[in-house]
Amino acid sequence: MNSAPDSFSDNDTVRALQWRDNCLSVLDQRKLPGAIEYETCDSAEAVAAAITSMRVRGAPAIGIAAAYGVVLAASQRYRENPEHWKEAIEVDLARLAQARPTAVNLFWALERMRGEIEKAEGDPSVALLEAALAIHAQDVAANRRMGELGADLLEGAAGVLTHCNTGSLATGGYGTALGVIRSAYRRGIERIFVTETRPWLQGARLTVWELDQDGVPATLVADSAAAYLMKSGKVQWVLVGADRIAANGDTANKIGTYALAVAARHHGVKFMVVAPTSTIDWPAESGDEIEIEERDRRELLNEHFTREGCVITAWNPVFDVTPASLIDVIVTEKGVVRSPSRESMRALLT
Ligand code: MRU
């Protein structure tokens, strides 16, 4: 059962996830750019641990990995108990659902795989693998479509700024906001700026590495340089991905996105969110209903301040919510929503 769900193109050569020899192979993103190391996950538990530890990260990639985790769980549970594997796999679904809280793609993918489990008769391995490969391939196709739709909107812009990593490392391939940037680069956009994205440095370690692999020139800036960059007139658009979009267009994304949106509005810079419809949480009325993950304070604190008895601590929310009112456009594979609101978002349901 080997398969690569899409073809690589000239400026899209990196893959975070690959199904190989009946296992999920994941590129360990904690080690980039210093080391390119793949880890083999052969169980749902291993996939969940890879997500929690951020060896796999980025909302769409988390969902795809979880789908492959269900394939691994189903094969194992069926082997152990062909009569009652559907009951036994509930433990694995619950474990995967606990891996990280904010990216709704995780829960979306698990629901889709649950539908396949319900339909399965006999050995589920082949049908569930087909379903996971389809989720993976559909994500790449959505990204390519969003790349073109988003690049259309950038016509006439000379420079863009992006935050976090939304590229092939964060998705099935090509990327969301970074996919739009890839498409815009092919159409001749002049300047691509990337924030460092503290504290985990998705921009400084991952996005610039990915662009370097693909020969796409970019300029790294400190997060704290973003407002000054906007004031300089070098960028006309900020492009970001999303971990969860509420029904009214409020968008949870990497910490710092909200500050960028506030600064962009102040400077007359346009703000674009790029995300597949699998990132929309329709039951969530607004961003207030989105759980924001807080990670270990040690991701933020210098180790000097983690010693026993030290009076310093840290608050480390890793996402924030940008209100729809600060977003000019949400680009999905089903179309573009300008000035997102509960009403305008509904067009995506038709
Ligand atoms: O904590 P991470 O690295 O998983 O956060 C990733 C982001 O916030 C991305 O912007 C988002 O998942 C969209 S990825 C296409």
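The values are calculated or read from the model by the stated rules, or taken from the named source; none is laboratory data. This one's a predicted model, so the numbers in the text were calculated from it and none came from an experiment. Reconstructed Cβ throughout: ideal geometry from the backbone, glycine too, with neighbour counts over all protein chains shown. These accessible areas exclude ligands, DNA and RNA; they are computed on the full protein's heavy atoms, side chains included. Shrake-Rupley method; radii C 1.70, N 1.55, O 1.52, S 1.80 Å.
Some notes on this structure:
- Only one entry in 50, 67 is open to solvent by less than 10 Å² (accessible area, probe 1.4 Å) and either closer than 24 Å to residue 122 by Cα or in contact with a helix residue (DSSP H, G or I) (Cβ under 6 Å, 6 or more places away or on another chain) (or both), namely 67.
- Against the numbered list (1) without any contact (Cβ under 8 Å) to a residue 60 or more places away in the chain; (2) assigned to a helix (DSSP H, G or I); (3) within 20 Å of residue 275 (Cβ to Cβ); (4) not acidic (Asp, Glu), residue 99 comes up short only at (2).
- Only one of 120, 44, 73, 61 that is within 16 Å of the ligand (Cβ to nearest atom), touching a residue at least 24 places away in the same chain (Cβ under 8 Å) and not assigned by TED's automatic domain parsing to the domain that holds residue 246: 61
- None of 145, 182, 112 is assigned to a helix (DSSP H, G or I) and touching a strand residue (DSSP E or B) at 6+ places or on another chain (Cβ under 8 Å) except 182.
- Flag if residue 129 is under 29 Å from residue 208 (Cα atoms), open to solvent by less than 30 Å² (accessible area, probe 1.4 Å), away from the ligand (no atom under 16 Å from the Cβ) and at pLDDT 95 or above: no
Residue by residue, here is whether (1) part of a helix (DSSP H, G or I); (2) under 21 Å from residue 139 (Cβ atoms) holds:
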residue	(1), (2)
31	no, no
49	yes, no
54	no, yes
65	yes, yes
70	yes, yes
86	yes, no
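- Residues (in a loop (DSSP other than H, G, I, E, B), touching a strand residue (DSSP E or B) at 6+ places or on another chain (Cβ under 8 Å), farther than 17 Å from residue 262 by Cβ and open to solvent by less than 50 Å² (accessible area, probe 1.4 Å)) located in the range 201-239: 214, 216, 218, 222
- Condition broken by residue 173, with the remaining ones in (1) on the phi > 0 side of the Ramachandran plot; (2) surrounded by fewer than 23 Cβ atoms within 10 Å (Cβ to Cβ); (3) not aromatic (Phe, Trp, Tyr) satisfied: (2)
- Single residue of 190, 148 found to be under 21 Å from residue 335 (Cα atoms) and either touching a His at 6+ places or on another chain (Cβ under 6 Å) or surrounded by fewer than 23 Cβ atoms within 10 Å (Cβ to Cβ) (or both): 148
- Selection count where residues are in contact (Cβ under 8 Å) with a residue 40 or more places away in the chain and open to solvent by 40 Å² or more (accessible area, probe 1.4 Å), scope the range 329-348: 4
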